[in-house]
Each structure stands twice: as structure tokens, then as C-alpha cells.
1. Is there a pair in Lys76/Lys156; Lys76/Lys148; Lys156/Lys206; Lys2/Lys125 whose C-alpha atoms are over 18 Å apart, and which pairs would that be?
2. Consider all pairwise Cα distances in region 120-233 and report the whole-number % of them above 23 Å.
3. Share of region 116-205's accessible area from carbon and sulfur, percent, 1.4 Å?
4. Spin-label point model (7 Å from Cα, Cβ direction): what's the Ala282 to Arg57 distance in nm?
5. Anyone know which of Gly33, Gly265, Gly161 comes out most mobile in the 10 Å Cα GNM of the chain?
6. Going by a ≥ b ≥ c, the root eigenvalues of the Cα gyration tensor, does region 180-220 fall in the rounded group (a/c under 1.5), the prolate group (a/b larger than b/c) or the oblate group?
7. At a 1.4 Å probe, what is the % contribution of carbon and sulfur to the accessible area of region 7-81?
8. Quick one, what does Rg over Rh come out to for region 21-102 if you take C-alpha atoms and the Kirkwood Rh?
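The values are calculated or read from the model by the stated rules, or taken from the named source; none is laboratory data. All values reported here derive from a predicted model rather than from experimental measurement. Because the Cβ atoms are built from the backbone with ideal geometry, glycine has one as well, and the counts that use them run over all protein chains shown. Accessible surface is based on the protein model in full, side chains and every heavy atom, while ligands, DNA and RNA are left aside. Shrake-Rupley method; radii C 1.70, N 1.55, O 1.52, S 1.80 Å.
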Amino acid sequence: MKRGLVLEGGAMRGLFTCGIIDVMMEAGIAPDGLIGVSAGAAFGCNYKSCQPGRAIRYNKRFAKDKRYCSWQSWLKTGNLYNAEFGYHIIPTQYDIFDDQAFDENPMAFYAVCTNVETGGPVYKKLEKATPLTYDWIRASASMPLVSKVVELEGQKVLDGGVADSIPLAYFESIGYERNVVILTQPEGYVKEHNPLMPLMRIALRKYPRMIEAMDKRHLMYNEELEYVRKAEREGRCLVIRPEEKLPIGHFSHDPEEMQRVYDIGTETGKKYLEVLKRFFEAEKT
């Protein structure tokens, strides 16, 4: 029985997820596979590279650095999160990403993107840490409006959360029968229609199917939440979510705010640690 870890996105809410997975890493919990969407991929890749603490460390270090995330970067490059600095310079010069550990870890790693020409999901398995791998992770976290379309291996892609925000059903479909799902919204959350759709229609006017996917994203997301709840009731997955709305927005330049959200995650991870161990060990084959 393959055991999986499913990480939704949520931009800076993903630091809650970081806290949980760092606790899991330090406890030696080793899923057979991980699938991450947007921030879930950008931060979750540190699980495969066996680097607890890395995501909160570099986010705090560069929180106020205009080279990392700024409107200046957006005006200059078309990306709020600077693609070159954030995904190629930081991991190779400032906070080194352990390519060798990533390559040698047998845990499968998938990043979810959205194909802007079809509006459908792209599930990219990333086995080796290369510049192309870094770009697939970047694409998964490239939010519409504040990111340029990313062209990779013949596909034009953006934020995976548009097409498949919580890819539990996909992971089950490829053989992961027992999954932990980490969400970044509390129980009872219901996604509403995107109020920025008029701007989305302008920015994505070349990609009508992407516009359609964006327009229906709230419906998809809420259906996936119900799917997760059903799987949870049936014992197929263990769901971890914050107890209340996290005290951070999509973007943050405040290291203390980032640390607070990360700490909520670590406390949640510690609270669930024994449950996680039992869940992953049950029926292990």
C-alpha cells in the first residue's frame, strides 16, 4: 500500500504546511510520494531534499528584499516573485537546495500546474533536481495576474491550483491508497467566486479555456473539499487543517508574521505526530 502526502497551496498560508512537514521530517516519517500544488510544491520540495527549516528560513531572510517578492519585480519582469532570483539564485547561492538528497530520496514528488491552453491540470513527476525542475516548481506557484505564463517542454502553464487545488483523487488514481492531506483553510471554509475575474479576462484573453477554469475554480475547489471530507469519513485519508483562519494574507513582507504562521504549523504537527505515525504505519506493505 503506497502512502502519500497531498499539499494544497495558499501562498503564504503554506508556511503553516511547512511547520507540519518539518515536524514530520524530523520525526523520520517518510511518505512514498508527495504531490504539491503551488506553495505546496514550492515548499514541499524540501521534504524530498530532506531540509526541514529551509522554507521558513529563506522566506524570513528575503521577506523585505525587493529582488525576491515586490511590485518592482512585477513591473520589471512580469513576476511578483522574481523567477530568476527566487528559483535559481536563492537555491544555488544563498540557501542551498540539496540537489543530491533530492535525487537520492526514493520518495516520488509531483508538482501540479495548469495548462493555460486547455485549462486542465498537468501532473509533473520531478525525479532529479535540475534547473528545469526548479522551473516546474515555479510554474506550479505562478499565480495569474502577478505571474507570466511559463513555457516548459512544449506546454504553457501557470498555478496548479486553478485546475486541481487538492489532488487527492489524482493521487488515489495512481495508486496512493493511504494519504495525509494538509489544507491551509479551516473546517467550514467555502471558496467564493473570484472577484478579480474581470481583470483575469483581460490578462488571460489569449487563453479562453484558462478563463473558463478560473471562472469555475470555486466550484471545483468546493467539490474537492467534499471529496476530501468523504475520504476522511471513510478512513482513506487523514486531514490536517488549521483550527481557525491563519493570520496571514497571500503575500507578506513581515518575518514575524511568517514565523507566527509557521509556529502554528509546528504546534499542529506536534499535536498530530502520534496520529501521523500510526496512520502511515497502518497496513504498511
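1. Lys76/Lys156
2. Percent of Cα pairs beyond 23 Å in region 120-233: 37.
3. The nonpolar share, carbon plus sulfur, comes to 52 percent.
4. The answer from the label model is 3.5 nm.
5. Its mean-square fluctuation being the largest, the pick is Gly33.
6. It comes out prolate by the Cα gyration axes.
7. 56
8. 1.01
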